[in-house]
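See below for the structure under consideration.
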Amino acid sequence: MAYKRINLPYAYDALEPFIDKETVELHYENHHKGYEIKLNNALTNTNIEIKYPTLVSLVSNYQNITDDNLKLSIREAGGGLINHNFFWDNLQKNIEFKDSELKDEISITWGSLENFKESFKKEALGLFGSGWVWLVRRNSGGLKIIRTFNQDNPWYLGFDPILSIDLWEHSYYLKHNSNRANYFENYWNVINWDFAIEQFTKSLSKG
Ligand code: MN
């Protein structure tokens, strides 16, 4: 397969008790794998891979694909594949948010980390239907919270993602049922801030 899932960077139970083993396993082995298979199946017998050798380049350019079915597969399954690749790296237990340019920029933009958390939470709880909420860096430089529906993603919108939260019910329903606020609070405990800092630094180096 040309475009791949990342290897899960930890064991299924590594995020317990905040995100349970069953949810991680099902989410990675069923949902995430499904996007991987669906995307690669759709691209069989095309030369798309030669034109867009990386998953980022593929999803960023999906609007240029002329075949409507193929375009939709890349938007949905390609988006699902890359969003989950990012999401797993975005999580890790026991990572404190170290002093950094990202931490400073969040404080400048929202006043404090606590205020940012409240704004991010508000977007996450307010999202209607299935989708994602992201902290992104704009090309012009500033930080921003955005929503994307279904498996739409920041890459094709021209944003660099820093943080994400999956708000499809499959990411929390087993443990939290419909209590999305509870899921959010648990998610907040397992953010891999080192990864977020790395994404921000990478984005800054692009200008
Ligand atoms: Mn998901």
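Of all residue pairs spaced 6 or more apart or on separate chains, those with beta-carbon atoms under 7 Å, a first member in region 104-116 that is within 14 Å of Ile162 (Cβ to Cβ) and touching a residue at least 40 places away in the same chain (Cβ under 8 Å) and a second member that is of a type outside the set (Lys, Arg) and open to solvent by less than 80 Å² (accessible area, probe 1.4 Å) are Glu105/Leu143. Six or more apart or on different chains, Cβ atoms under 6 Å: show the pairs whose first residue is in region 64-79 and closer than 23 Å to Trp134 by Cβ and whose second is open to solvent by 80 Å² or more (accessible area, probe 1.4 Å). If the second residue must be open to solvent by 80 Å² or more (accessible area, probe 1.4 Å), the pairs left are Ala77/Lys38. Screening Lys175 against (1) under 30 Å from Lys206 (Cα atoms); (2) within 15 Å of the ligand (Cβ to nearest atom) leaves a single unmet condition, (1). For Ala124, the criteria (1) more than 16 Å from the ligand (Cβ to nearest atom); (2) surrounded by 13 or more Cβ atoms within 10 Å (Cβ to Cβ); (3) assigned to a helix (DSSP H, G or I) hold in every case but one, which is (1). For region 129-138, the tally of residues that are open to solvent by 30 Å² or more (accessible area, probe 1.4 Å) and in contact with a helix residue (DSSP H, G or I) (Cβ under 9 Å, 6 or more places away or on another chain) stands at 1. Looking at region 153-172, which of the residues that are away from the ligand (no atom under 13 Å from the Cβ), outside any helix (DSSP H, G or I) and modelled with pLDDT of 95 or more is surrounded by the fewest Cβ atoms within 10 Å (Cβ to Cβ)? Filtering region 153-172 for residues that are away from the ligand (no atom under 13 Å from the Cβ), outside any helix (DSSP H, G or I) and modelled with pLDDT of 95 or more, the one surrounded by the fewest Cβ atoms within 10 Å (Cβ to Cβ) comes out as Asp160. The one condition from (1) open to solvent by less than 80 Å² (accessible area, probe 1.4 Å); (2) of a type outside the set (Asp, Glu); (3) under 19 Å from His27 (Cα atoms); (4) more than 16 Å from the ligand (Cβ to nearest atom) that Tyr187 does not meet is (4). Of all residues being surrounded by 13 or more Cβ atoms within 10 Å (Cβ to Cβ), aliphatic (A, V, I, L, M) and more than 18 Å from the chain's Cα centre (by Cα) in region 2-55, which is farthest from Lys71 (Cα to Cα)? Just the residue, please. So, considering only residues that are surrounded by 13 or more Cβ atoms within 10 Å (Cβ to Cβ), aliphatic (A, V, I, L, M) and more than 18 Å from the chain's Cα centre (by Cα), the one farthest from Lys71 (Cα to Cα) is Ala14.
The values are calculated or read from the model by the stated rules, or taken from the named source; none is laboratory data. Just so we're clear, the structure is a prediction, and the values are computed from it rather than from any experiment. Using ideal geometry, Cβ is built from the backbone for each residue, glycine included, and neighbour counts are taken over all protein chains shown. Ligands, DNA and RNA are stripped out before the accessible areas are found, and what is left, the full protein with its side chains, is counted by its heavy atoms. Shrake-Rupley method; radii C 1.70, N 1.55, O 1.52, S 1.80 Å.
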